[in-house]
Amino acid sequence: MADIDIDRFLEVEASAIQKDAEVERIIACFKLDPYDILELEVGCVEKDIKMAYRKKSLMIHPDKVKHPKARDAFDMLKKAETDLMDLGKRTFLNSIIEEAKFEVKKAQPLQMAPTDPFFSSPVYKGLVKQKTKDLLIEVELRKRKLMKKEMEAEGEVARKQDEVISERKRKQEAQKVWEDQRDDRVQGWRNFQAGKTAGGKIKRKKPSTFRPPKAVAEDSLPYAKRPATSSASEGF
């Protein structure tokens, strides 16, 4: 193999290794920190954001990289660029980072001056990065709890609306049944008024017959004999 072919092969291999490494780096980043994903510092401008995104998107584009997680890394990169280009989100993120710096500095000994080399060391930057991560997680958890409550409230409202709709539908169906049976009720009443049976025949009333009370035999009644009286015995 010619020397020029070997150099070209090594260049291609080195490029592939760099692309895979960049994919792995992005995947390992904290998803809520777009500065970390794009490797940008606080205070960067929109031009810096666009340039960083373009450079990295060309490097890890799924159509050019064989890494199995290239698509996931590309999606993370795109979201990071979108979040930082949003002024409101960028301002909020900057405030979280400033709060993280304040918390880290407050945890240091009081005698340390703001110009102490510690505050420009990798250790300090690592502490700020971890504190920023913790704060962002707290914000995300609060946001998810709020969303859950809102969804539960919306679900309760939807349930009550469904109950109202179901009750209205039930009443409409009952009204329809009532109206559908109107003719049957009217005809039934007319038949009743005309003295007809359910089959439509006229109901004839049986003539009433007089039944005298049942005679009671005299022998069956007890007989009380009246005592006899005479005028002589009474002094007449």
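The values are calculated or read from the model by the stated rules, or taken from the named source; none is laboratory data. These numbers come from a predicted model, not from an experiment. Neighbour counts run over all protein chains shown; Cβ positions are idealised from the backbone, glycine included. Just the protein is used for accessible areas: all its heavy atoms, side chains included, with ligands, DNA and RNA removed. Shrake-Rupley method; radii C 1.70, N 1.55, O 1.52, S 1.80 Å.
Nothing charged except the Cβ atoms of Lys and Arg (+1) and of Asp and Glu (-1): what's the magnitude of the dipole of segment 40-110 about its Cα centre? Round to the nearest 20 debye.
Magnitude of the dipole: close to 340 debye.
With 23 Å as the limit, write out which pairs from K78/K133; K106/K131; K69/K143; K50/K105 have Cα-Cα distances beyond it, or answer none.
Exceeds cut-off: K69/K143; K50/K105.
Keeping all protein chains in the complex and leaving out DNA, RNA and ligands, what accessible area do you get for D180 with a 1.4 Å probe, in Å² to the nearest 10?
Its accessible surface works out to 100 Å², give or take rounding.
Provide the solvent-accessible area of E154, counting protein heavy atoms only and rolling a 1.4 Å probe, rounded to the nearest 10 Å².
Taking all protein chains as shown, E154 has close to 120 Å².
Rounded to the nearest 0.05, what FRET efficiency do K148 and W178 have when you use their Cβ-Cβ distance and R0 = 41 Å?
For R0 = 41 Å, the calculated efficiency reads 0.35.
Would you kindly state how much longer the chain becomes between F102 and S15 on full extension, computed as 0.36 nm times their sequence separation minus their alpha carbon distance, in nm to one decimal?
27.3 nm
With the full set of protein chains in place, find how many percent of the accessible area of segment 31-112 is carbon and sulfur; take the probe as 1.4 Å.
56
With the crude spin-label approximation of a point 7 Å out along Cα→Cβ, what separation in nm comes out for V164 versus E39?
If labels sit at V164 and E39, their model points lie 5.7 nm apart.
Figure the gain on full extension for F92 and Q130 (residue separation times 0.36 nm, minus the Cα-Cα span) and round it to one decimal in nm.
That pair, F92 and Q130, stretches by 12.0 nm at full extension.
Name the residue from M147, V123, S95 whose Cα lies farthest towards the positive end of the charge dipole of segment 50-166, charges +1 on Cβ of Lys and Arg and -1 on Cβ of Asp and Glu.
So the residue furthest toward the plus end is V123.
Give the calculated FRET efficiency between K50 and S120 to the nearest 0.05, with a Förster radius of 41 Å applied to their Cβ-Cβ distance. Display every interim value, and only then the final one.
Working: r = 28 Å, r/R0 = 0.68.
Here the calculated transfer efficiency is 0.90.
Any idea of K31's accessible area? Nearest 10 Å², probe 1.4 Å.
140
Using only Cα atoms, locate the centre of segment 85-134 and the centre of segment 179-195, then give the distance between them in Å, rounded to an integer.
After rounding, the separation between the Cα centres reads 88 Å.
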